[in-house]
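J.: To start, I am sharing the structure in question, which I have written as structure tokens.
The values are calculated or read from the model by the stated rules, or taken from the named source; none is laboratory data. Predicted model, so just to flag it, every value in this text is computed and none were measured. Cβ: placed from backbone, ideal geometry, glycine included. Neighbour counts: every protein chain shown. Surface accessibility is based on the protein's heavy atoms, side chains included, excluding ligands, DNA and RNA. Shrake-Rupley method; radii C 1.70, N 1.55, O 1.52, S 1.80 Å.
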Amino acid sequence: MNTTERQKDILKAAFSLIASQGIQELTIKNLAKAVGVSEPALYRHFDSKASILSAVVDEIIAIRNEAWHDTVAEGKSAVECLKSFFIRQAQSFESLPSLVIVLFPDMLFKQDPDLLERIRSMIKETGDRIKKLLDAGIAEGSFKKDLDSRAISLMLIGGFRMLVSEWQMNKDQYNNLSLAKSTQKYMQSILLLITAA
């Protein structure tokens with residue numbers, strides 16, 4: 001889908017509404033007000049709330065895919081790719097904080113099984129990609145031979161989700177709280193545990 005500038009504005013407002021007030025407040029009326037257009041004008045860009053939510057999911061997936069593709073395109077070692085991917089994800093959250101909605105898809109998209117399944121698939125695919133990267137690192141000798149790549153993948157994703165949640169809850173209280181810096185420290189600590197001696 002080629003997104004127009006107005007559609008991008010609508011999606012940005014949708015992310016903000018969902019993140020700040022919950023998905024139940026994402027109504028056409030509230031969204032039109034947030035964007036500064038009439039409800040009929042909003043329908044010229046999206047034909048329904050479902051199509052807006054679908055576009056939100058498309059954007060979440062596109063941001064993750066861009067971070068992944070930029071990371072692997074660098075052609076670095078598995079260790080560097082792993083670190084780079086999580087830092088890029090942190091930077092994405094910092095530049096668009098409302099992306100945190102992806103951390104709680106079961107609560108946000110439970111009324112729409114198709115959207116929930118798309119988010120589930122994205123999360124599974126991310127885990128599979130990280131596992132594959134860990135396996136590549138084991139094969140190249142960067143990571144410990146006896147590493148359980150599935151368990152480490154879960155640990156990396158789960159720990160990162162916790163970092164993002166803490167950052168989201170505390171960023172207003174601590175103006176200089178950097179998710180990217182916290183993620184860099186987190187990745188350095190994890191890499192100390194899993195890299196080969």
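J.: Here's a check for you: in segment 10-46, which residue that is over 27 Å from Met169 (Cβ atoms) and charged (D, E, K, R) is least open to solvent (accessible area, probe 1.4 Å)?
T.: Once the filter is applied, the top-ranked residue is Glu39.
J.: Another question about this same structure. Just name the residue that is farthest from the chain's Cα centre (by Cα) out of those in segment 91-131 that are assigned to a helix (DSSP H, G or I) and acidic (Asp, Glu).
T.: Across segment 91-131, the extreme among qualifying residues is Asp114.
J.: Would you be able to say whether some residue in segment 59-80 is among the hydroxyl-bearing types (Ser, Thr, Tyr) and at pLDDT 85 or above?
T.: yes
J.: So Ser77 clears everything in (1) among the small types (Gly, Ala, Ser); (2) over 20 Å from Ile10 (Cβ atoms); (3) touching a Leu at 6+ places or on another chain (Cβ under 9 Å); (4) touching a residue at least 60 places away in the same chain (Cβ under 8 Å) except one condition, right? Which one?
T.: (3)
J.: For segment 47-68, check the following and say yes or no: at least one residue is within 18 Å of Ile190 (Cβ to Cβ), open to solvent by 70 Å² or more (accessible area, probe 1.4 Å) and not in a helix (DSSP H, G or I).
T.: no
J.: I want to confirm something. Restricting to segment 146-197 and keeping residues that are in a helix (DSSP H, G or I) and of a type in the set (Lys, Arg), which single residue is least open to solvent (accessible area, probe 1.4 Å)?
T.: Restricting to residues being in a helix (DSSP H, G or I) and of a type in the set (Lys, Arg), the top hit is Arg161.
J.: Out of segment 130-139, which residues are among the charged types (D, E, K, R) and either in contact with a Leu (Cβ under 7 Å, 6 or more places away or on another chain) or surrounded by fewer than 17 Cβ atoms within 10 Å (Cβ to Cβ) (or both)?
T.: Within segment 130-139, Lys132, Asp135 meet the criteria.
J.: Let me ask something additional. Which one of these is surrounded by 14 or more Cβ atoms within 10 Å (Cβ to Cβ), hydroxyl-bearing (Ser, Thr, Tyr) and closer than 26 Å to Trp167 by Cα: Ser84, Ser142?
T.: None of the others qualify; the one that does is Ser84.
J.: Name every residue in segment 121-158 that is within 18 Å of His69 (Cβ to Cβ) and among the hydrophobic types (A, V, I, L, M, F, W, C), in order of residue number.
T.: Scanning segment 121-158 gives Met122, Ile123, Ile130, Leu133, Ala136.
J.: Could you list, in sequence order, the residues of segment 39-54 that are in contact with a helix residue (DSSP H, G or I) (Cβ under 6 Å, 6 or more places away or on another chain) and free of Cβ contacts under 8 Å to residues at least 12 places away in the same chain?
T.: Glu39
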